[in-house]
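Engineer: First the structure, which I've put down as structure tokens, then a few questions once you've had a look.
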Amino acid sequence: MRASSSSHGSTGCTEVRSCSSTTRSACQRRLVSVQVMARTYERRTPETSDDGRHSVSYQGRRRPPFRRGMTARAALPRLVGMLRWLRAGIETNLERHQILYPWWVPLASHLGQVASLLVALALRDALWPLDPLLVCVPLVLASPLVQFTTNRWLPWWIDAAGSVTAAALLLSRPVDGALDLAPVLLALATAEITARDGLREGLAVAGVGQVVLIGAALGPGLTGAPLYTAELLLGFVIGAMLLWQMRALIAERHAREQAWERATTTERERIAREIHDLVAHSLSVSLLQITGARHALRDVREASGPDETAEAVAEVDAALADAEQVGRRAMGDIRRAVSTLADGTAERRALPGASDIGALVRQMADAGLAVEYDEQGDPGRLPPAAGLGLYRIAQESLANVVKHGGADAQVQVRLAVTGARARLLVTNPLPAGRPRPDGLGSGLAGMQARAAQLGARLEAGPDGGAWVVDVRLGAPGRSRGELPCGRTLWKAETA
């Protein structure tokens, strides 16, 4: 075996030695090529996967073909993210300069300019090899790159200078026998500047563009100049239409914001009036109850016997209990009002009307206010809004009586209703040494606002020795002294 091997080896060596130099070099080159091919191509070995199927594993350095598809799919999210970043930058610029166009409008304008530039270069055979006209590419791309990547809006004359200069350079080498797209750069630049910056700026760009067209027609021999002038005018008209639309949208938004502010102010005033009426009425009734309790305590101190003391203590307890009930009821009303105003989910209660003024006066009388109430006609026939307004005005008037006149004030409340017309009159004597305000308080302002909402006329002020609140709903009523007196429902006086 050894001899055989050695004999074979010696024979191979003899054959190699006997080869000529040319054959030896050819064999060496073939051997090197075989080694390179062995290293280049992968050696595939079949393997069995978990599901029993045969798969192929690659043991070389070369990446398998399906990896290329995976790389493309991995690059797609990056492209989408880049587009989102570009959109965010454009929208930031538009919002900063109060331009209401969609984000794709300026992007489409610049893309149209780039496309027109490339077609114009192709018509002039200036794309390859390198041509001096390729300087137009950075001139057109400089403005959108700066605006879309740095979130800065260039001045209109810098923005238009690149496109106008590029168009002038392209028109210096006119195209024979073909429709040129170089003037489209001028039309798109005119439309963009007009729509974004205004009519004067757009006219300036259009004028410079027209000068470029005239120079190209007179010098290099541009054909079809009237058509290109019409394109330039069309760009200005389109820009003017977009500008008019944007200004109309801005005016509409401004009007909508003003209407929202007015509605918000009106609603805030209404909420303030409602809360004020609830709190003022509850506090006035509580004040009357506390005043009655204080008088009862004075009676306790001056009582001469156990019976009188017990009676005075009972009065104090009843007054404080009434004050507590009024406070709890007021807290419930305020809580319901706040809940309704907050989310509208609170249970709605029936709103008071003009027919409830009698119950309101009776409640004040039960609290200790000396009040006389006269009523004529049927208050229930009034519309709900009118009845609610009269009720709130009467409520605020009685609260003001307690606030400024005290529990000892004598009050007269008269209500006359005739069809859709009504008149409410609240009168009380002016307290000595305590002049009433001049009508600038929030309560009187609220009554004036309610009367204005109803289309009624309200007069509040001193009349002789009394303070009079006179409300006339519907047709103008009679003077204060001629109010007809209806039936006196009851009359309450302080002890």
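Here, each number is a calculation from the coordinates, and none is a lab measurement. Given the structure is predicted, the values throughout are model-derived calculations rather than measurements. In this analysis, Cβ positions are derived from the backbone assuming ideal geometry, glycine residues included, and neighbour counts consider all displayed protein chains.
Engineer: Report the label-to-label distance for Arg362 and Leu111 in nanometres (one decimal), using points 7 Å from each Cα along the Cα→Cβ vector.
Structural biologist: Between Arg362 and Leu111, the simple spin-label model gives 7.7 nm.
Engineer: Round to the nearest 0.05 the FRET efficiency obtained for Ala466 and Leu320 when R0 = 35 Å and r is the Cβ-Cβ distance.
Structural biologist: Numbers: r = 32 Å, r/R0 = 0.92.
Once rounded, the FRET efficiency stands at 0.60.
Engineer: Let me ask something else. Based only on Cα atoms, what mean projected area does the convex hull of the stretch 147-230 have, in nm²? Display every interim value, and only then the final one.
Structural biologist: Working: hull surface 22.6 nm².
That works out to 5.7 nm².
Engineer: Between Gln448 and Leu145, what FRET efficiency follows from the Cβ-Cβ distance if R0 is 51 Å, with the result rounded to 0.05? Numbers along the way, then the final one.
Structural biologist: Values: r = 62 Å, r/R0 = 1.22.
My answer for the efficiency is 0.25.
Engineer: For the stretch 100-254, what size does the Cα cloud have along each of its three principal axes, sorted from largest down, in whole Å?
Structural biologist: 53, 34, 21
Engineer: Sort 380-391, 255-266 by packing, meaning the average of other beta carbons within 10 Å per residue, with the highest value first. Please list the in-between numbers first.
Structural biologist: Values: 380-391: 19.3, 255-266: 10.2.
In decreasing order of mean packing, 380-391, 255-266 become 380-391, 255-266.
Engineer: Return Ile290, Ile357 ranked ascending by Cβ neighbour count within 10 Å, so the fewest neighbours appear first. Mind showing how you got there, number by number?
Structural biologist: Numbers: Ile290 18, Ile357 23.
Going from least to most buried by this count: Ile290, Ile357.
Engineer: Another one. Using the Karplus curve 6.51 cos²θ - 1.76 cosθ + 1.60 with θ = phi - 60°, work out ³J(HN,Hα) for each residue of the stretch 107-121 in order, rounded to whole Hz, and write x for Gly and Pro.
Structural biologist: Taking θ as phi minus 60°, the curve returns 5, 5, 4, 6, 5, x, 5, 5, 5, 4, 5, 5, 5, 5, 5 Hz for the stretch 107-121.
Engineer: Long-range amide H contacts for Trp467: which residues qualify at under 5 Å (H placed 1.01 Å from N, peptide plane, sequence gap of 5 or more or a different chain)?
Structural biologist: Result for Trp467 returns Asn428, Leu430.
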